[in-house]
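Notes for the one structure printed next.
The values are calculated or read from the model by the stated rules, or taken from the named source; none is laboratory data. Remember, it's a predicted structure, so these values are computed and weren't measured experimentally. So basically every Cβ, Gly included, is an ideal-geometry build from the backbone, and we count neighbours across all protein chains shown. Accessible surface areas use protein heavy atoms only, side chains included; no ligands, DNA or RNA. Shrake-Rupley method; radii C 1.70, N 1.55, O 1.52, S 1.80 Å.
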Amino acid sequence: MTIFQKVLNGEIPCHRVYEDEHVLAFLDINPLSRGHTLVIPKEPAETLDRLSDESAAAIGRVLPRLCRAVLKATETRHFNVLQNNGAPAHQAVGHVHFHIIPKAEDGSGLGIGWKVTTMENGADLAATIAGCLER
Ligand code: 5GP
(Lines give C-alpha, C1' and ligand atoms only; values in the text may rest on other atoms or scores of the structure.)
Protein backbone atom coordinates (compact mmCIF):
# COMPACT_ATOMS: atom_id res chain seq x y z
CA MET A 1 0.00 0.00 0.00
CA THR A 2 1.37 3.44 -0.88
CA ILE A 3 1.76 6.28 1.59
CA PHE A 4 -0.95 8.23 -0.25
CA GLN A 5 -3.39 5.33 0.12
CA LYS A 6 -2.71 5.54 3.86
CA VAL A 7 -3.43 9.27 3.73
CA LEU A 8 -6.68 8.51 1.89
CA ASN A 9 -7.57 5.87 4.48
CA GLY A 10 -6.90 8.33 7.31
CA GLU A 11 -4.06 6.15 8.66
CA ILE A 12 -1.60 9.02 8.07
CA PRO A 13 -2.63 12.62 8.80
CA CYS A 14 -2.40 15.39 6.24
CA HIS A 15 -3.11 19.09 6.00
CA ARG A 16 -6.18 18.83 3.78
CA VAL A 17 -6.91 21.59 1.30
CA TYR A 18 -9.79 20.07 -0.70
CA GLU A 19 -11.77 16.86 -0.98
CA ASP A 20 -14.60 15.58 -3.17
CA GLU A 21 -15.86 12.19 -4.29
CA HIS A 22 -12.86 11.53 -6.56
CA VAL A 23 -10.09 13.90 -5.45
CA LEU A 24 -8.05 14.86 -2.39
CA ALA A 25 -5.62 17.79 -2.15
CA PHE A 26 -3.23 18.33 0.74
CA LEU A 27 0.04 20.06 1.57
CA ASP A 28 3.29 18.33 0.60
CA ILE A 29 5.23 17.23 3.69
CA ASN A 30 8.53 18.44 2.15
CA PRO A 31 7.51 21.59 0.27
CA LEU A 32 9.71 23.09 -2.43
CA SER A 33 8.04 26.40 -1.64
CA ARG A 34 5.32 27.69 0.67
CA GLY A 35 1.95 26.30 -0.37
CA HIS A 36 3.33 23.29 -2.30
CA THR A 37 0.17 21.20 -2.67
CA LEU A 38 -0.47 17.65 -3.88
CA VAL A 39 -3.63 16.74 -5.76
CA ILE A 40 -4.43 13.02 -5.96
CA PRO A 41 -7.24 10.87 -7.30
CA LYS A 42 -8.92 8.55 -4.83
CA GLU A 43 -8.56 5.84 -7.46
CA PRO A 44 -5.36 3.90 -6.69
CA ALA A 45 -3.73 4.30 -10.13
CA GLU A 46 0.06 4.14 -10.10
CA THR A 47 0.75 6.38 -13.09
CA LEU A 48 -1.28 8.87 -15.11
CA ASP A 49 -1.58 6.63 -18.17
CA ARG A 50 -3.45 4.11 -15.98
CA LEU A 51 -5.97 6.59 -14.59
CA SER A 52 -9.63 6.29 -15.58
CA ASP A 53 -11.27 9.02 -17.64
CA GLU A 54 -13.65 9.65 -14.73
CA SER A 55 -10.84 10.37 -12.23
CA ALA A 56 -8.87 12.33 -14.83
CA ALA A 57 -11.90 14.50 -15.53
CA ALA A 58 -12.48 15.06 -11.82
CA ILE A 59 -8.88 16.20 -11.33
CA GLY A 60 -8.96 18.35 -14.46
CA ARG A 61 -12.13 20.05 -13.28
CA VAL A 62 -10.68 21.12 -9.94
CA LEU A 63 -6.97 21.61 -10.71
CA PRO A 64 -7.16 25.20 -12.04
CA ARG A 65 -9.34 26.19 -9.07
CA LEU A 66 -6.82 24.69 -6.66
CA CYS A 67 -4.00 26.52 -8.46
CA ARG A 68 -5.87 29.81 -8.06
CA ALA A 69 -6.39 29.12 -4.34
CA VAL A 70 -2.71 28.29 -3.79
CA LEU A 71 -1.65 31.45 -5.65
CA LYS A 72 -4.07 33.63 -3.71
CA ALA A 73 -3.14 32.15 -0.33
CA THR A 74 0.59 32.45 -0.95
CA GLU A 75 0.38 35.78 -2.79
CA THR A 76 2.34 34.41 -5.72
CA ARG A 77 1.66 34.77 -9.45
CA HIS A 78 3.84 32.05 -10.94
CA PHE A 79 3.82 28.32 -10.38
CA ASN A 80 4.56 24.91 -11.84
CA VAL A 81 2.28 21.89 -12.03
CA LEU A 82 4.43 18.77 -11.96
CA GLN A 83 3.33 15.20 -12.48
CA ASN A 84 5.97 12.44 -12.35
CA ASN A 85 5.49 8.88 -13.63
CA GLY A 86 7.92 6.09 -12.80
CA ALA A 87 11.03 6.11 -10.63
CA PRO A 88 13.40 7.18 -13.48
CA ALA A 89 11.04 10.13 -14.01
CA HIS A 90 11.38 11.10 -10.33
CA GLN A 91 8.18 9.47 -9.04
CA ALA A 92 8.73 8.45 -5.41
CA VAL A 93 5.15 7.56 -4.46
CA GLY A 94 3.35 5.05 -6.71
CA HIS A 95 -0.03 6.77 -6.66
CA VAL A 96 -0.87 9.43 -9.25
CA HIS A 97 -0.31 12.93 -7.94
CA PHE A 98 -0.05 16.44 -9.30
CA HIS A 99 2.22 18.93 -7.56
CA ILE A 100 1.17 22.58 -7.48
CA ILE A 101 4.40 24.43 -6.71
CA PRO A 102 4.40 28.21 -6.29
CA LYS A 103 7.45 30.01 -7.65
CA ALA A 104 8.10 32.40 -4.78
CA GLU A 105 9.80 35.79 -4.86
CA ASP A 106 12.73 34.33 -2.91
CA GLY A 107 13.33 31.91 -5.81
CA SER A 108 12.01 28.84 -3.99
CA GLY A 109 9.96 26.43 -6.05
CA LEU A 110 10.69 23.90 -8.76
CA GLY A 111 14.15 23.84 -10.36
CA ILE A 112 14.06 22.47 -13.88
CA GLY A 113 16.78 20.87 -15.99
CA TRP A 114 15.63 21.23 -19.62
CA LYS A 115 18.08 19.52 -21.96
CA VAL A 116 16.67 19.52 -25.46
CA THR A 117 17.33 16.79 -28.02
CA THR A 118 17.12 17.04 -31.78
CA MET A 119 13.74 16.71 -33.46
CA GLU A 120 13.83 14.18 -36.27
CA ASN A 121 11.07 13.39 -38.74
CA GLY A 122 8.28 15.01 -36.74
CA ALA A 123 5.63 14.19 -39.33
CA ASP A 124 6.25 10.45 -39.01
CA LEU A 125 6.49 10.57 -35.22
CA ALA A 126 3.30 12.62 -34.82
CA ALA A 127 1.45 10.22 -37.12
CA THR A 128 2.76 7.23 -35.15
CA ILE A 129 1.64 8.71 -31.84
CA ALA A 130 -1.72 9.68 -33.30
CA GLY A 131 -2.12 6.10 -34.55
CA CYS A 132 -1.51 4.78 -31.04
CA LEU A 133 -4.33 6.85 -29.52
CA GLU A 134 -7.21 4.82 -28.15
CA ARG A 135 -10.58 5.84 -29.57
P1 5GP B 1 7.05 12.45 -6.42
O2 5GP B 1 8.55 12.55 -6.45
O3 5GP B 1 6.59 11.03 -6.28
O4 5GP B 1 6.42 13.16 -7.57
O5 5GP B 1 6.60 13.26 -5.13
C6 5GP B 1 6.12 12.68 -3.97
C7 5GP B 1 5.85 13.80 -2.99
O8 5GP B 1 5.14 13.29 -1.91
C9 5GP B 1 7.12 14.45 -2.44
O10 5GP B 1 7.10 15.84 -2.76
C11 5GP B 1 7.03 14.20 -0.94
O12 5GP B 1 7.48 15.28 -0.17
C13 5GP B 1 5.56 13.95 -0.73
N14 5GP B 1 5.25 13.05 0.38
C15 5GP B 1 5.81 11.85 0.63
N16 5GP B 1 5.27 11.28 1.71
C17 5GP B 1 4.34 12.16 2.17
C18 5GP B 1 3.43 12.13 3.29
O19 5GP B 1 3.38 11.20 4.08
N20 5GP B 1 2.62 13.21 3.44
C21 5GP B 1 2.63 14.27 2.57
N22 5GP B 1 1.80 15.28 2.81
N23 5GP B 1 3.47 14.32 1.51
C24 5GP B 1 4.32 13.28 1.32
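One table, with the values for the structure above:
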| quantity | calculated |
| --- | --- |
| Using θ = phi - 60° and Karplus 6.51 cos²θ - 1.76 cosθ + 1.60, couplings along the stretch 25-40 (whole Hz; Gly, Pro as x) | 10, 8, 6, 5, 6, 10, x, 7, 7, 4, x, 3, 10, 10, 10, 10 |
| Cross-link partners of Lys6 among aspartates and glutamates (Cα-Cα below 12 Å; sequence separation of 8 or more within a chain) | none |
| Dimensionless Rg/Rh of the chain - Kirkwood Rh, Rg from C-alpha atoms | 1.01 |
| Choice from Thr76, Thr37, Thr117 showing the highest fluctuation, given a GNM over the chain with Cα pairs closer than 10 Å | Thr117 |
| Of all accessible heavy-atom area on the stretch 3-132, the percent that carbon and sulfur account for (1.4 Å) | 55 |
| The chain - accessible surface per residue (Å², probe 1.4 Å) | 68 |
| Set of lysines near Lys72 by C-alpha distance (under 23 Å), chain-local residues within fewer than 8 positions excluded | Lys103 |
| Under 12 Å, Cβ to Cβ, from Leu51 - net charge with Lys/Arg +1 and Asp/Glu -1 | -3 |
